[in-house]
Amino acid sequence: MFEALTNAGSVAGGLASIVAVLHWGPKVWRIFRPIVVTAGIHLVFDRSGPEEIIATIVNRSEKTQYISECLGRCTNSVAENCLRFLSLPVTTLKMRKHALFPGPSFKFSISETLKIEPLERVEIRYPLTHPLVIFLAPRLVVEVRLTTERVVRSKSVELPERWLFKAALRQ
């Protein structure tokens, strides 16, 4: 009898902890990741306008967020970055940033601070108007810096072949 009650108590405790994680898990996750950043590109094939890098920012938290800076950076794949860091194990922190993000950074033009209300979606565009804009790495990451000095990065997006330095050398 006592053994059956112990087993039932273990099952009830396990179910209660699963329900608590399902209820509180997303709320805790929103505290650590208050905004979601998505990188995108806009291609123009008929030369009717400039091609663009697009940053889509969504505020998932229940508080107003303020963005101080938004950058577009080229990067390599995760596997290539891991191999690079393994081959250079004693690299200083300053140099690791350059190894992770080779090439130029593109600063999106925003005002002093961009205010994003809860559940608001904002799209920021950076036009690539200069003919010599080329990327050294095949992927793009958008990095957003909040006024609280927290940095949120998007998942990397594959860049078109014509934007890459390798393609410019072939021409």
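The values are calculated or read from the model by the stated rules, or taken from the named source; none is laboratory data. Only a predicted model underlies this, so the values are computations on that prediction, with no experimental measurement involved. Neighbour counts are summed over all protein chains in view; Cβ atoms, including those assigned to glycine, are modelled from backbone coordinates with ideal geometry.
Looking at (1) closer than 29 Å to L114 by Cα; (2) in a helix (DSSP H, G or I); (3) aliphatic (A, V, I, L, M), which is the one condition that is false for V44?
(2)
Just name the residue that is farthest from L43 (Cα to Cα) out of those in the range 157-171 that are outside any helix (DSSP H, G or I) and at pLDDT below 90.
Taking the range 157-171 as the starting set, the residues that turn out to be outside any helix (DSSP H, G or I) are 157-160, 164, 171.
Narrowing the set further to residues that are at pLDDT below 90 leaves 159-160, 164, 171.
Details: L159: 10, P160: 9, L164: 14, Q171: 20 Å.
My answer is Q171.
So which residues in the range 1-54 are farther than 20 Å from F135 by Cα and among the polar types (S, T, N, Q), if there are any at all?
Those that are farther than 20 Å from F135 by Cα and among the polar types (S, T, N, Q): T6, N7, S10, S17, S48.
Among strands (runs of 3 or more DSSP E) lying entirely in the range 97-137, which contain 2 or more residues that are surrounded by 14 or more Cβ atoms within 10 Å (Cβ to Cβ)? Talk me through it step by step, then tell me what you get.
Values: elements: 105-107, 114-116, 121-128.
Per the criteria, 114-116, 121-128.
How about the range 6-38: which of its residues are surrounded by 11 or more Cβ atoms within 10 Å (Cβ to Cβ) and charged (D, E, K, R)?
R30, R33
Looking at (1) assigned to a strand (DSSP E or B); (2) exposed (fewer than 14 other Cβ atoms within 10 Å of the Cβ), find the lone condition where I54 falls short.
Here I54 meets the rest and fails (2).
Is there any pair linking a residue in the range 92-103 that is outside the structural domain of C74 (by TED's automatic domain parsing) and among the β-branched types (V, I, T) to one that is loosely packed, with under 11 Cβ neighbours inside 10 Å and at pLDDT below 70, with Cβ under 9 Å and at least six apart or on different chains, and which?
none
Within the range 62-72, does at least one residue satisfy the condition of being without any contact (Cβ under 8 Å) to a residue 60 or more places away in the chain, surrounded by 15 or more Cβ atoms within 10 Å (Cβ to Cβ) and charged (D, E, K, R)? Give the derivation first.
First pass over the range 62-72, keeping only residues without any contact (Cβ under 8 Å) to a residue 60 or more places away in the chain: 62-64.
If we keep only those that are surrounded by 15 or more Cβ atoms within 10 Å (Cβ to Cβ) too, we end up with none.
The answer is no; no qualifying residue exists.
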